[in-house]
Amino acid sequence: MSLRRKGLAIAAAAVIGVLASVATYVSAQPKEKVIKMTAKRFDYTPGHLTLKKGEPVILELTTADVLMGFNLPDFGVRADIIPDKVTRVRLVPDKTGTFTFLCDIFCGTKHEEMNGTITVVD
Ligand SMILES: [Cu+2]
């Protein structure tokens, strides 16, 4: 094998090694459950979620009409839900109980009543 070929073979082996370790790393990560939630004046669908403590989830938030907010103060999570966009929020519940989330962007007459709950179980 020429020196040049040897160099190429070593480089190829290194690339394969890196790809294999990346694949192992990705597959070792816990798969986050994706939960779709739609906001619409003046509620969220679903309006209640049950999650497991310590299990990360991704909330995919969309709005069916106007700009909304998603605020889950007990977990320090908040986001704008913008029309025609998907807002992704990662949540790792680290305590059990039932917690309220609410809309914190004024969206109309019943805005103050727009909320839902998340129950976190062990
Ligand atoms: Cu609102």
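The values are calculated or read from the model by the stated rules, or taken from the named source; none is laboratory data. What you see is a predicted model; the values in this text were computed from it and never measured. All Cβ positions, even for glycine, are placed from backbone atoms using ideal geometry, and neighbour counts span all protein chains on display. Each accessible area value is taken on the protein alone, full model and side chains, heavy atoms only, with ligands, DNA and RNA left out. Shrake-Rupley method; radii C 1.70, N 1.55, O 1.52, S 1.80 Å.
Each residue in segment 96-111 was checked for being in a loop (DSSP other than H, G, I, E, B) and either touching a helix residue (DSSP H, G or I) at 6+ places or on another chain (Cβ under 8 Å) or within 13 Å of Phe70 (Cβ to Cβ) (or both), and 4 of them qualify.
Scanning segment 112-122 for residues that are open to solvent by less than 20 Å² (accessible area, probe 1.4 Å) and in a strand (DSSP E or B) returns Gly116, Ile118, Val120. Screening segment 1-88 for strands (runs of 3 or more DSSP E) wholly inside it with 1 or more residues that are modelled with pLDDT of 95 or more and of a type in the set (Asp, Glu) returns the ranges 43-45, 57-63, 77-81.
When segment 80-110 is filtered for residues that are more than 12 Å from the ligand (Cβ to nearest atom) and basic (Lys, Arg), the ones remaining, listed by number, are Lys85, Arg88, Arg90, Lys95.
Per-residue answers, yes or no, for (1) within 13 Å of the ligand (Cβ to nearest atom); (2) of a type in the set (A, V, I, L, M); (3) open to solvent by 50 Å² or more (accessible area, probe 1.4 Å):
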residue: Ala39; (1), (2), (3): yes, yes, no
residue: Gly47; (1), (2), (3): no, no, no
residue: Lys52; (1), (2), (3): no, no, yes
residue: Pro56; (1), (2), (3): no, no, no
residue: Glu60; (1), (2), (3): no, no, no
residue: Thr63; (1), (2), (3): yes, no, no
residue: Met68; (1), (2), (3): yes, yes, no
residue: Asp74; (1), (2), (3): no, no, yes
residue: Arg78; (1), (2), (3): yes, no, yes
